[in-house]
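Here is the structure we will look at, set down as structure tokens.
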Amino acid sequence: IGIVGESGSGKSVTWLAALGLLPKTAVISGNVRLEGKELLSAGSAELDRIRGRRIAMIFQDPSSSLNPVIRVGRQIAEVLSRHCGFSGRAIAAEARRLFELVGMPDATRRLDAYPHELSGGQNQRVMIAMALAGKPDLLIADEPTTALDATIQAQILDLLTTIRRETGMALVLISHDLGVVSETCDRIAVMYGGKI
């Protein structure tokens, strides 16, 4: 499904609320269910088990989502260790496989890079690899191509479509670009003023 709307319409905030990622002072109402289980009333331990494993999110700006002082391979390793139980050499092998899956050139060498050593498109591929590490049932892609040039944008969208098709994972694509959503999604919801 594609979620479209102008800036400030509530697209990203809706999903941050659904995943329990807004400040404690935020007032949230409604229902968010995953296979019948209500997420809005779920405790933090339950949400920790769901986020990254069952539901993953690619955030809008990879440069602010990746830790600038930690190598990207180590950041992916944390996800693999926490959500998949990988350790030791298995982490390195799986991280390399994920980088290859998302089309990262020279995957082995890139695992040792810091985010500032990678291009915008490469950092976005790191974010996608991290999101896919837990083999989620649902991937929320929040403006995953906003800061990328048209060629890289098309590659990232093709990658998301291919991965969705191959894994059976559901995809929510948040965007203000109707063209991007129409090429990628089967259904579209339009948001305005915080409502669909």
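The values are calculated or read from the model by the stated rules, or taken from the named source; none is laboratory data. Remember, it's a predicted structure, so these values are computed and weren't measured experimentally. All Cβ positions, even for glycine, are placed from backbone atoms using ideal geometry, and neighbour counts span all protein chains on display. Remember, those area values only see protein heavy atoms, side chains included, never the ligands or the DNA or RNA. Shrake-Rupley method; radii C 1.70, N 1.55, O 1.52, S 1.80 Å.
Could you please find all residues in region 138-196 being of a type in the set (Gly, Ala, Ser) and either in contact with a Gly (Cβ under 8 Å, 6 or more places away or on another chain) or assigned to a strand (DSSP E or B) (or both)? Walk me through it before giving the result.
Pass one, region 138-196, residues of a type in the set (Gly, Ala, Ser): 141, 147, 150, 154, 168, 170, 175, 179, 182, 189, 193-194.
Listed by number, the residues that qualify are 141, 147, 170, 175, 182, 189, 193, 194.
Hey, does region 4-25 have a residue that's closer than 26 Å to residue 157 by Cβ, in a helix (DSSP H, G or I), out of contact with any Leu (no Cβ under 8 Å at 6 or more places or on another chain) and hydroxyl-bearing (Ser, Thr, Tyr)?
yes
Out of all the residues in region 145-159, is one or more without any contact (Cβ under 8 Å) to a residue 40 or more places away in the chain, open to solvent by 10 Å² or more (accessible area, probe 1.4 Å) and farther than 28 Å from residue 71 by Cβ?
Among the residues of region 145-159, at least one is without any contact (Cβ under 8 Å) to a residue 40 or more places away in the chain, open to solvent by 10 Å² or more (accessible area, probe 1.4 Å) and farther than 28 Å from residue 71 by Cβ, which makes the answer yes.
Could you say which residue among 53, 74, 49 is touching a Gly at 6+ places or on another chain (Cβ under 7 Å) and open to solvent by 40 Å² or more (accessible area, probe 1.4 Å)?
53
Could you tell me which of the residues 99, 86 is touching a Leu at 6+ places or on another chain (Cβ under 7 Å) and assigned to a loop (DSSP other than H, G, I, E, B)?
86
So residue 24 passes all but one of these: (1) open to solvent by 40 Å² or more (accessible area, probe 1.4 Å); (2) touching a residue at least 12 places away in the same chain (Cβ under 8 Å). Which condition number does it fail?
(2)
Does residue 41 meet the test of being in a loop (DSSP other than H, G, I, E, B), of a type in the set (Ser, Thr, Tyr), more than 30 Å from residue 151 (Cα to Cα) and free of Cβ contacts under 8 Å to residues at least 12 places away in the same chain?
Yes.
Kindly check whether there is at least one residue in region 47-61 that is in contact (Cβ under 8 Å) with a residue 12 or more places away in the chain and part of a helix (DSSP H, G or I).
Checking region 47-61: at least one residue is in contact (Cβ under 8 Å) with a residue 12 or more places away in the chain and part of a helix (DSSP H, G or I).
Please go through region 62-83 and pick out each residue that is of a type in the set (Val, Ile, Thr) and part of a loop (DSSP other than H, G, I, E, B).
We begin by selecting, within region 62-83, every residue of a type in the set (Val, Ile, Thr); these are 69-70, 72, 76, 79.
Within region 62-83, 69, 70 meet the criteria.
Mind checking which pairs have a first residue in region 162-185 that is open to solvent by less than 60 Å² (accessible area, probe 1.4 Å) and a second that is assigned to a strand (DSSP E or B) and among the polar types (S, T, N, Q), Cβ under 8 Å, 6 or more apart or different chains?
181/175
Residues checked against (1) under 20 Å from the mean Cα position of the chain (by Cα); (2) open to solvent by 40 Å² or more (accessible area, probe 1.4 Å):
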| residue | (1), (2) |
| --- | --- |
| 1 | yes, yes |
| 4 | yes, no |
| 11 | yes, no |
| 19 | yes, no |
| 29 | no, yes |
| 33 | yes, yes |
| 37 | no, yes |
| 42 | no, no |
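Against the conditions (1) free of Cβ contacts under 8 Å to residues at least 40 places away in the same chain; (2) farther than 21 Å from residue 159 by Cβ, where does residue 68 fall short? Just the number, please.
(1)
Could you tell me how many of the residues in region 102-121 are of a type in the set (Val, Ile, Thr) and either assigned to a loop (DSSP other than H, G, I, E, B) or open to solvent by less than 60 Å² (accessible area, probe 1.4 Å) (or both)? Walk me through it before giving the result.
Here is the first cut: in region 102-121, the residues of a type in the set (Val, Ile, Thr) are 102, 108.
After this cut, where a residue has to be either assigned to a loop (DSSP other than H, G, I, E, B) or open to solvent by less than 60 Å² (accessible area, probe 1.4 Å) (or both) as well, the list is 102.
Going through region 102-121 one residue at a time, the tally reaches 1.
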